[in-house]
Amino acid sequence: MIKLSPRLSQKISYLLLFLATVLAIVPGLLIISIIIAKGKDVFFAWDFLTLMPINGMLDGGIFPAIIGTLLLIIITIFLSLPIGIGAAIYLNEYAKDNLLTRMIKLSIVNLAGVPSIVYGLFGLGIFVMYLKLGVSIIAGVLTLSVMELPVIITTSRSALKSVPYLFREASLSLGVSRWDTIKYIVLPNAIPGILTGVILSIARIAGETAPLLFTAVAFYTPYLPHSIYDQVMILPYHLYITATQIPNIGKDRIFATAFMLLMIVLTMNFIAIIIRIYFRKNRKW
Amino acid sequence: MVNKIKVKNLSCYYNKQCVLNSLNINILQHEILSIIGPANSGKTTFLRTLNRMNDLNVNYSRKGEIYLDNNNIFFMNMESLRKRIGMLFEMPIPLPMSIYDNIVYAPKLLNIVSNKSDQDAMVEKVLKNVSLWNEVKDRLNSSAMKISGGQQQRLCIARILAINPEVILFDEPCSGLDPISTAKVEESMIRLKQKYTIVLVTNNVKQASRVSDKTAFFLMGKLIEINETGKLFISPQKKQTGDYITGRFG
Ligand SMILES: Nc1ncnc2c1ncn2[C@@H]1O[C@H](COP(=O)(O)OP(=O)(O)O)[C@@H](O)[C@H]1O
Ligand SMILES: [Mg+2]
């Protein structure tokens with residue numbers, strides 16, 4: 001066997017690791033730059049973002065799809081965040097460590113790994129058909145929430161766990177109640193972690209089609225939703241149908257739609273990063 | 001002298017394993033009781049039983065009774081018990097907030113103080129009580145995590161004084177401190193004796209002889225001997241006690 005000098009083998013391994021990093025990053029950067037390059041003209045004409053689609057979606061804009069996606073994201077956050085954080089607090093701070101609790105924790109971890117199409121079918125069965133909500137924003141939001149809850153609970157629990165147990169003891173030993181300890185010591189120190197995790201996971205669902213396909217999505221609506229019982233257009237699905245179902249559509253329109261979806265996801269990731277930096281700076285331990 | 005705390009036949013277990021065996025101790029009001037003994041003899045467990053910190057531990061169980069002013073503490077509300085029996089841990093644990101907030105945190109929640117001027121007065125008073133005021137008065141609003149270990153430990157004492165307890169438990173409060181910080185903490189303890197009943201667990205036999213009125217010797221979950229500090233150190237009744245204080249084992 002050839003024996004390499006330590007200097008040389010150090011150099012080679014450095015090079016290999018660097019190559020691996022490049023390989024991991026390049027495809028992502030390529031996708032983003034191609035989308036921007038091909039979509040920017042239509043995107044920055046703004047009309048595309050603010051108009052309703054017309055002429056069988058060959059003309060006009062994607063306004064209702066943007067609104068639909070944002071609506072679903074926002075309502076889902078408001079619905080699932082309090083429930084998820086509440087469940088995480090219960091499981092982490094109050095629940096006795098018995099068989100039942102362990103089974104609940106295990107199933108939450110497993111639920112987070114269920115494919116999203118399964119949630120879509122679940123939503124169709126329960127919310128759309130059984131509860132007769134129809135294909136609607138509310139059915140979509142409920143489905144997304146059910147899908148997001150395990151993720152939110154898991155991230156929130158790990159954020160709660162990262163607050164040192166000693167802080168809880170110090171507070172309790174001063175005669176402060178458990179709930180006040182959670183409210184004033186645990187939560188303030190866990191919130192940044194919770195928010196970051198939750199925003200990142202919601203950013204992921206912004207691009208989901210499967211759970212919404214049967215529960216909320218319209219192929220095409222000529223108007224904006226009037227209530228939560230209306231169907232909506234959403235960006236990822238709109239992207240899919242324009243790219244596959246409508247011949248003769250300008251490729252730049254498709255890329256501009258992808259650009260918009262990308263912007264929403266990137267903005268949310270950016271917010272998560274800002275929150276994290278802000279709280280890091282103010283953290284006292 | 002009045003009995004402040006009476007411990008009757010207390011036995012404690014982790015996972016059904018006995019770590020404190022039928023303990024009987026009376027603690028007088030305004031005395032400092034030292035507890036000495038080698039590691040793992042159950043000293044911390046005893047303190048954490050006194051203010052029921054261990055009740056949160058699912059592996060822990062106990063038998064027997066403890067009375068505070070003739071009331072069984074196991075029937076008392078935990079929050080009000082802990083307000084009456086403060087505890088200082090082995091490591092200083094400042095809360096992740098400013099020096100000022102560390103002190104007013106609990107009193108605010110327990111409605112001991114309300115307006116700002118009362119709070120200011122309280123902060124100054126308790127910090128002076130632990131001789132920390134001069135060292136930190138210019139940076140009350142900076143993080144309590146940034147002061148030295150000795151200062152943190154005295155801040156933690158001040159924090160306990162702010163809730164005005166009747167009994168204070170110290171669990172090896174100087175084990176991580178240098179001699180000068182230790183002297184300052186001991187000084188505060190002796191001053192506190194006039195108002196509070198103190199139980200001091202210490203791994204430092206000399207510290208016990210310096211500050212306490214009475215000393216108890218624990219060994220492997222049993223109370224071997226308890227006596228006035230002077231007597232225990234000069235003429236211990238049990239051989240194990242003598243061996244321990246002269247440093248022959250443990
Ligand atoms: N949380 C715990 N769970 C299980 N066993 C424990 C726990 N805390 C202490 N013990 C055990 O109980 C015994 C007494 O411990 P402790 O009260 O901490 O003694 P000391 O403070 O005198 O060193 C030791 O054997 C220790 O291993
Ligand atoms: Mg100990």
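The values are calculated or read from the model by the stated rules, or taken from the named source; none is laboratory data. Only a predicted model underlies this, so the values are computations on that prediction, with no experimental measurement involved. Cβ: placed from backbone, ideal geometry, glycine included. Neighbour counts: every protein chain shown. When the accessible area is computed, the model is the full protein with side chains, heavy atoms only, and any ligands, DNA or RNA have been set aside. Shrake-Rupley method; radii C 1.70, N 1.55, O 1.52, S 1.80 Å.
Taking B:Ala106 as meeting all but one of (1) at pLDDT below 95; (2) open to solvent by less than 30 Å² (accessible area, probe 1.4 Å), write down the number of the exception.
(1)
Does B:Gln240 satisfy the condition of being assigned to a helix (DSSP H, G or I), away from chain A (no Cβ under 14 Å) and open to solvent by less than 10 Å² (accessible area, probe 1.4 Å)?
The answer is no for B:Gln240.
Here are A:Ile117, A:Ile191, A:Ile83: which of them is under 24 Å from the mean Cα position of the chain (by Cα), open to solvent by 30 Å² or more (accessible area, probe 1.4 Å) and within 14 Å of chain B (Cβ to nearest Cβ)?
Just one listed residue meets the conditions, A:Ile191.
Among the residues of segment B:39-50, is there at least one that is hydrophobic (A, V, I, L, M, F, W, C) and away from ligand 2 (no atom under 16 Å from the Cβ)?
no
Which of the following residues is more than 16 Å from ligand 2 (Cβ to nearest atom), assigned to a helix (DSSP H, G or I), surrounded by 16 or more Cβ atoms within 10 Å (Cβ to Cβ) and at negative phi: B:Ile157, B:Ile224?
Selected residue: B:Ile157, the only one of B:Ile157, B:Ile224 that is more than 16 Å from ligand 2 (Cβ to nearest atom), assigned to a helix (DSSP H, G or I), surrounded by 16 or more Cβ atoms within 10 Å (Cβ to Cβ) and at negative phi.
Any idea how many residues of segment A:52-70 are surrounded by fewer than 20 Cβ atoms within 10 Å (Cβ to Cβ), under 15 Å from A:Pro225 (Cα atoms) and either modelled with pLDDT under 85 or touching a helix residue (DSSP H, G or I) at 6+ places or on another chain (Cβ under 8 Å) (or both)?
Matching residues across segment A:52-70 total 3.
Here's the yes/no breakdown for (1) away from ligand 1 (no atom under 11 Å from the Cβ); (2) open to solvent by 10 Å² or more (accessible area, probe 1.4 Å); (3) within 14 Å of chain A (Cβ to nearest Cβ); (4) β-branched (Val, Ile, Thr):
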residue	(1), (2), (3), (4)
B:Asn3	yes, yes, no, no
B:Lys8	yes, yes, no, no
B:Cys12	no, no, no, no
B:Leu23	yes, no, no, no
B:Asn26	yes, yes, no, no
B:Ala39	no, yes, no, no
B:Thr44	no, yes, yes, yes
B:Asn54	no, no, yes, no
B:Asn71	yes, yes, no, no
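Among the numbered criteria (1) within 16 Å of ligand 1 (Cβ to nearest atom); (2) within 14 Å of chain A (Cβ to nearest Cβ), which one does B:Ile163 miss?
Among (1) within 16 Å of ligand 1 (Cβ to nearest atom); (2) within 14 Å of chain A (Cβ to nearest Cβ), the lone unmet condition for B:Ile163 is (1).
May I ask you to list the residues in segment B:197-207 that are open to solvent by less than 10 Å² (accessible area, probe 1.4 Å) and either of a type outside the set (S, T, N, Q) or within 16 Å of ligand 2 (Cβ to nearest atom) (or both)?
Result: B:Ile198, B:Val199, B:Leu200, B:Val201, B:Thr202, B:Gln207.
Please pick out the residue among A:Phe127, A:Phe122 that is more than 30 Å from B:Asn77 (Cα to Cα), in contact with a Gly (Cβ under 9 Å, 6 or more places away or on another chain), assigned to a helix (DSSP H, G or I) and modelled with pLDDT of 90 or more.
A:Phe127
Of the conditions (1) open to solvent by less than 60 Å² (accessible area, probe 1.4 Å); (2) away from chain B (no Cβ under 14 Å); (3) assigned to a helix (DSSP H, G or I), A:Ser158 clears all except one; give me its number.
(1)
Just to be sure before I move on: is B:Ile66 more than 16 Å from ligand 2 (Cβ to nearest atom) and within 14 Å of another protein chain (Cβ to nearest Cβ) in the structure I sent?
So B:Ile66 fails the test.
Of A:Val163, A:Val176, which residue is within 14 Å of chain B (Cβ to nearest Cβ), assigned to a loop (DSSP other than H, G, I, E, B) and at pLDDT 95 or above?
A:Val176
Please specify each residue of segment A:238-285 satisfying the condition of being surrounded by 13 or more Cβ atoms within 10 Å (Cβ to Cβ), assigned to a helix (DSSP H, G or I) and within 14 Å of chain B (Cβ to nearest Cβ).
A:Phe279
Only residues that are more than 8 Å from every other protein chain (Cβ to nearest Cβ) and surrounded by 22 or more Cβ atoms within 10 Å (Cβ to Cβ): list them for segment B:82-93, please.
Listed by number, the residues that qualify are B:Ile85, B:Leu88, B:Pro92.
Counting only residues that are within 16 Å of ligand 2 (Cβ to nearest atom) and touching a strand residue (DSSP E or B) at 6+ places or on another chain (Cβ under 8 Å), which one in segment B:166-196 is farthest from the other protein chains (Cβ to nearest Cβ)?
B:Glu172
Return the residues of segment A:12-28 that are surrounded by 10 or more Cβ atoms within 10 Å (Cβ to Cβ) and either under 22 Å from the mean Cα position of the chain (by Cα) or under 23 Å from A:Met263 (Cβ atoms) (or both); say none if nothing qualifies.
Hits for segment A:12-28 are A:Ile25, A:Val26.
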